[in-house]
Amino acid sequence: MITLMLASDLAGREVVTLGGDAVARVKDTVFDAAAGRITGFTLSGRGLLAGPLKQSLPFSAVHALGPAAVMIPSAAVLDGREAVLGSDAAGGGAVIGAPVITDQGTEIGTVRDVVVEAGTAGHVIGFEIAAHDNFDARRRKVFVPRGQTLAVSGEALVVPARARHFVADDLPSFGAQVEAFRAGARLPEADSPPSGPPDSDIPVSGEGDRA
Amino acid sequence: MMLFTQTRGLPVITAEEAATLGTVDALTIDARTRSVACLRLSGAPKDRAVLGWGAVEAVGHDAVIVRSRVAVGAGPDEVPEHRDAVGSRVLTEYGVEHGTVKDVGYDPGTGKILTLYTALGDIAGDDLIGLGTYAVVVRAERH
């Protein structure tokens, strides 16, 4: 089973050494230019009034990204800020808020958050999208797997028009869908997870793709 | 097996003089060796407040026995910084919370940590990786 997390939830997460000492908190998550992977984290201090730290945490040094903490081998792996915030910092940081456009040219919403996988890989699994009415009148937010996106930049996220068939309502059902997707199974036309909230199993198939 | 909570409060008595040096206040774990490094005593003079595990002859249900005042000496040269394991938060190496440590079971002969007891299940002492100010870190199955 894969555990999925929202990048926004990583902010404030404790950075803990395998020796059991908390050394910092996550301030921001930095993605590579194509938003395919986590490059690293900028850090802030742990106190109530602590400000940003000069150090950052490259993802290559992370032992594991967990739901309760980001585990690192020791405090020695923390690096200067430039190790994470490279020259393309702007491109990596501006995924959230970017418009989501189908390959048919319709804007269907904006990127609200990035879904990442717990563990050691730091892969971006998908995106949470604040959907416009013309994409999905029933739901304000939907999840789109990254495998269904065509291209990402700081300016826009382009998804296939049929991406509507791959959306999910909440993170657990999205996780199940991503697993099915990885297992090579053909994704169902309708996004109806059996364990979703009551209003989530309204099938959206049969609407036809909007050009 | 003895528990940390059973050991706390036991008197420390020398075998040769039958004198009480103090009572056990806390046990300090060395996470690298996964064993008890020293006992911290209350009611003992300040320079004798730390009792190295090497000086301990026996840990029973009613007392901790050391050979003599002389054998105890001035305490061990080097002890790991004391962190209370009991009550500490438990994290797996994958950053997943696993409750808090309720008690620690150890071998009274060797001082080896045998089991960490948490509300979410027991953890073998061999899985202990680190013990710091923030958490006890334990090895975990990848899932």
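The values are calculated or read from the model by the stated rules, or taken from the named source; none is laboratory data. For clarity, every value in this text was computed on a predicted model and none was experimentally measured. Positions of Cβ are generated from backbone atoms using ideal geometry, with glycine treated the same way; all protein chains shown enter the neighbour counts.
More than 14 Å from chain A (Cβ to nearest Cβ), at pLDDT below 90 and assigned to a helix (DSSP H, G or I), is that true of B:Ala44? Give the steps one after another, and end with the answer.
On the way: more than 14 Å from chain A (Cβ to nearest Cβ): yes; at pLDDT below 90: yes; assigned to a helix (DSSP H, G or I): no.
No.
Could you run through the range A:100-119 and say how many residues are assigned to a strand (DSSP E or B), out of contact with any His (no Cβ under 6 Å at 6 or more places or on another chain) and within 14 Å of another protein chain (Cβ to nearest Cβ)?
Selection size over the range A:100-119: 2.
Test B:Glu57 against the criterion of being more than 15 Å from B:Phe4 (Cα to Cα) and in a loop (DSSP other than H, G, I, E, B), and give yes or no.
The answer is no for B:Glu57.
Collect the residues in the range B:114-143 that are within 14 Å of another protein chain (Cβ to nearest Cβ), among the hydrophobic types (A, V, I, L, M, F, W, C) and in contact with a Gly (Cβ under 9 Å, 6 or more places away or on another chain), keeping them in residue-number order.
Hits for the range B:114-143 are B:Leu116, B:Leu120, B:Ile129, B:Leu131, B:Ala135, B:Val136, B:Val137, B:Val138.
Could you identify the single residue in B:Gly95, B:Gly54 that is within 14 Å of chain A (Cβ to nearest Cβ) and out of contact with any His (no Cβ under 6 Å at 6 or more places or on another chain)?
B:Gly95
Quick check: is even one residue across the range B:77-94 under 17 Å from the mean Cα position of the chain (by Cα), under 25 Å from B:Val136 (Cα atoms) and in a strand (DSSP E or B)?
Yes; the residues of the range B:77-94 include at least one that is under 17 Å from the mean Cα position of the chain (by Cα), under 25 Å from B:Val136 (Cα atoms) and in a strand (DSSP E or B).
If you check A:Phe59, A:Phe31, A:Phe41, which single one turns out to be aromatic (Phe, Trp, Tyr) and away from chain B (no Cβ under 14 Å)?
A:Phe31
Conditions (1) more than 30 Å from A:Val70 (Cβ to Cβ); (2) touching a helix residue (DSSP H, G or I) at 6+ places or on another chain (Cβ under 7 Å); (3) not basic (Lys, Arg), marked per residue:
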site: A:Val95; (1), (2), (3): no, no, yes
site: A:Ile101; (1), (2), (3): yes, no, yes
site: A:Glu107; (1), (2), (3): yes, no, yes
site: A:Asp113; (1), (2), (3): no, yes, yes
site: A:Gly119; (1), (2), (3): no, no, yes
site: A:Val124; (1), (2), (3): no, yes, yes
site: A:Asn134; (1), (2), (3): yes, no, yes
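Checking A:Arg112 against (1) of a type in the set (Lys, Arg); (2) assigned by TED's automatic domain parsing to the domain that holds A:Pro160; (3) modelled with pLDDT under 85, which single condition isn't satisfied?
All conditions pass for A:Arg112, except number (3).
For the range A:31-60: of the residues being crowded, with 21+ Cβ neighbours inside 10 Å and within 12 Å of the chain's Cα centre (by Cα), which is farthest from B:Asp84 (Cα to Cα)?
This residue is A:Ala35.
Determine which single condition B:Asp103 fails, assuming it passes every other condition in (1) part of a loop (DSSP other than H, G, I, E, B); (2) under 15 Å from B:Arg8 (Cα atoms); (3) among the acidic types (Asp, Glu).
Among (1) part of a loop (DSSP other than H, G, I, E, B); (2) under 15 Å from B:Arg8 (Cα atoms); (3) among the acidic types (Asp, Glu), B:Asp103 violates only (1).
Return the pairs, sorted by first residue and then second, in which the second residue is among the acidic types (Asp, Glu), the first residue lies in the range A:9-26 and is at the interface with chain B (Cβ under 7 Å from one of its Cβ atoms), the beta carbons are less than 7 Å apart, and the residues are 6+ apart or on different chains.
Taking only residues 6 or more apart or on different chains, the pairs are A:Leu18/B:Glu93; A:Ala22/A:Glu14.
When the range A:10-24 is examined, which residues are found to be within 10 Å of A:Ile72 (Cβ to Cβ) and hydrophobic (A, V, I, L, M, F, W, C)?
Within the range A:10-24, A:Val15, A:Val16, A:Leu18, A:Val23, A:Ala24 meet the criteria.
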